[in-house]
Amino acid sequence: MKKREKAPSTFDPFLERLVRESDTSSDRIRAKLSNVYDWGFCELCWRSTEYSISVGAQKVFKRLKRGNVKVTPLTDAIRAAAQKKADALVARYEQAWKGEFGRYEPARMLMAYCDMVEMRGDRSVSAFREHVERRILIAAWARHGDLLRPTKLPGQPEGAAKPSKLYCEAHNPRRSDEARRAYQRDRRFALEYDELIDKIWSQEAGTLPKWDIEAHAYVRREAYRLLQALKSPTSTMDDLLTLGTMSQAEIARQLGVSRQAVSAAIKRRAQKQATR
Ligand SMILES: [Zn+2]
């Protein structure tokens, strides 16, 4: 199946006008985006890439005179009409699964209404609903202006780096100093990380469903936790404590250790500093 042929436009905050979004010129990124399960995962952990988040943050703009643009509000009327359409489609999909329109109809509907890469291989009725609801809503909204994908992430200042197709917010080296440190730290172990992911898949081959995106996220999260524990857990904890921006609970979650372990480490640190 081909991915979108038409390049979507984008509002460029520097030029302050619409520009064609050149999707990608790099083979590496093209290969990543065509993988049904992996396209939305950060290369270095289990989180979503900035790009996959920005895909879900589309907006509709209206062109004004002199090249300005204005956000078109998403009204309740647009929402209600889109919901009605989506409900009808989902009902039809459900019937199709029961075989009412012949055995090929579910596949045909998926091809017609969904992007299987974005759906990550999940063909269930609930995944279909979620996907179709969003698409129809955006299509209905887009009729009132031009559909644009923002060049910046929600909550980021003007002029910030474009959403990364390879990394999450915590690993994009262009996002922040902290993210660059995390990127430099984890990139060294990228090979080991991939090996750990493969290892967990083969260890739990009988119990983990390969078609389930949640299983993929689980495996990547477990592998990340193992990797951090293998690669000097105390020094990672030290790094985080020195930064002082995270609570104990957050540090524990990030490293996959207990809160008690974190507070014990803090005590050890305090003793070390006192004897110095
Ligand atoms: Zn990441």
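The values are calculated or read from the model by the stated rules, or taken from the named source; none is laboratory data. Just so it is clear, the structure is predicted and the values come from calculations on it, not from any experiment. Note that each Cβ is placed from the backbone with ideal geometry, even for glycine, and that neighbours are counted across all protein chains shown.
Selection of segment 69-85 for residues being outside any helix (DSSP H, G or I) and in contact (Cβ under 8 Å) with a residue 12 or more places away in the chain yields V69, V71, T72, L74.
Residues in segment 179-203 that are under 22 Å from A160 (Cβ atoms) and either touching a Pro at 6+ places or on another chain (Cβ under 9 Å) or away from the ligand (no atom under 12 Å from the Cβ) (or both): A179, R180, R181, A182, Y183, Q184, R187. Note on segment 140-157: residues that are in the same structural domain as W46 (by TED's automatic domain parsing) and either modelled with pLDDT of 90 or more or out of contact with any Lys or Arg (no Cβ under 9 Å at 6 or more places or on another chain) (or both) amount to 2.
State yes or no: is H216 crowded, with 17+ Cβ neighbours inside 10 Å and within 13 Å of the ligand (Cβ to nearest atom)? Against the criterion (crowded, with 17+ Cβ neighbours inside 10 Å and within 13 Å of the ligand (Cβ to nearest atom)), H216 does not qualify. Only residues that are more than 17 Å from the chain's Cα centre (by Cα) and either more than 16 Å from the ligand (Cβ to nearest atom) or modelled with pLDDT of 90 or more (or both) were counted across segment 163-178, and they come to 2.
Is it fair to say A160 is at pLDDT 75 or above and of a type outside the set (S, T, N, Q)? In short, no.
Residue pairs whose Cβ atoms lie under 8 Å apart, separated by 6 or more positions or on different chains, with the first residue in segment 164-191 and touching a residue at least 24 places away in the same chain (Cβ under 8 Å) and aliphatic (A, V, I, L, M) and the second buried (at least 17 other Cβ atoms within 10 Å of the Cβ) and outside any loop (DSSP other than H, G, I, E, B), are L166/K32; A170/A179; A170/A182.
Does A127 satisfy being at pLDDT below 85 and either within 21 Å of Y224 (Cα to Cα) or in the same structural domain as T49 (by TED's automatic domain parsing) (or both)? Judged against the criteria, A127 is not a match.
For segment 254-266, the criterion of a residue being more than 25 Å from G40 (Cβ to Cβ), modelled with pLDDT under 75 and outside any helix (DSSP H, G or I) is satisfied by at least one position.
Filter segment 176-209 down to the residues that are assigned to a helix (DSSP H, G or I) and of a type in the set (G, A, S), then identify the one that is surrounded by the fewest Cβ atoms within 10 Å (Cβ to Cβ). Filtering first and then ranking leaves S202.
Of all the residues in segment 82-123, those that are of a type in the set (F, W, Y) and farther than 26 Å from G40 by Cβ number 2.
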